[in-house]
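Please treat every number below as a calculation from the coordinates, not as lab data. Quantities reported herein were computed from a predicted structural model and do not represent experimental measurements. Cβ placement follows ideal geometry from the backbone for every residue including glycine, while neighbour counts extend to all protein chains displayed.
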Ligand code: ATP
Ligand code: ZN
């Protein structure tokens, strides 16, 4: 099928919070590869891509240098490293926020309360730019891990760290008081990929078409139910946006079976409205891929 030997090099996190979901989205794109063996470099079986398994901190730099063609990394890591790479898709998973947290006893009202104070963080670039933007001058201590223990050690007055649930903060006697930045996993590429390699750009475009289908499917559910045939014409008003649902007559006279897709956000409203017009046996399943 492929006439050239060109492969697109995809940098993903070797092991950590992003790894599983990064590989998951690629395998949902119908791309086969050995998920278990995360040796540094591995080729996919049925699509011209090759994986580079790296520390997430190294991904933006490798993409910028052209060692990898694309990468999946937290937006926080991309902005922290500040390489001029391009986001081609926000993949929406691994959502987290970069927040200021202070000891419970600290009476915090705004970032200005950190004037002249010390803040520990693994994200000095992003933190410094937020402080500068708000005209606050504070000491920034870069720590690579376990930032949350800095105040109890007496090292700093506050921290600036990634938070998803906040439980780590609570167990360290800290409270989250300000959200500086929000992040999720993004797919990045170097800016001149298309110019330097039209073939790689073509592979990326094919991959993105699949990624879009997978992401679109995430927001939809497939729904099947039985309905008195007399009510079938009302389905279009209840489930907007679908061109026309599939309607199949049931053996029992006067009843039909309906199949269609529903946006996840609308699901409970649709469910109740369908019950209201006499729908029975409502079955709902997830969708793996979806095109428009
Ligand atoms: P590596 O060994 O690859 O350097 P790491 O320890 O730096 O890994 P992880 O903790 O696996 O990184 O986090 C990777 C990314 O996951 C973060 O950069 C961030 O985008 C995202 N993330 C989501 N929720 C959280 C959270 N609660 N804490 C930290 N990172 C989170
Ligand atoms: Zn890291």
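In table form, for the structure just shown:
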| item | result |
| --- | --- |
| Relative contact order (%) - the range 220-286, alpha-carbon pairs under 8 angstrom, separation at least six | 53 percent |
| Bridge type composition, the chain - antiparallel percent by DSSP, nearest 5 | 75 percent |
| For the chain, the Rg and Dmax computed from alpha carbons only, in angstrom | 24.7, 79 |
| Tilt relative to the chain, helix 124-133 - C-alpha long axis, 0 to 90 degrees, to 10 | 90 degrees |
| The range 89-165, relative contact order [Cα under 8 Å, separation at least 6], % | 43 percent |
| Cβ crowding within 10 Å averaged over residues, with 57-68, 258-269 ranked highest first | 57-68, 258-269 |
| FRET efficiency, residue 106 to residue 20 (Cβ-Cβ, R0 35 Å, nearest 0.05) | 0.45 |
| Helix-only mean residue ellipticity at 222 nm for the chain, each DSSP H run of n ≥ 4 adding -39500 (n - 2.57), per residue, nearest 500 | -7500 deg cm²/dmol |
| Computed lengthening from residue 149 to residue 209, 0.36 nm per intervening residue step minus Cα-Cα distance | 17.2 nm |
| Part-to-part distance (alpha-carbon centres) for the range 77-155 and the range 196-241, which is given in Å | 38 Å |
| Segments 9-18, 169-178 sorted - mean Cβ within 10 Å per residue, highest first | 9-18, 169-178 |
| 0 to 90° range, to nearest 10: angle between helix 267-276 axis and the chain longest Cα axis | 30 degrees |
| Tilt relative to the chain, helix 19-28 - C-alpha long axis, 0 to 90 degrees, to 10 | 30 degrees |
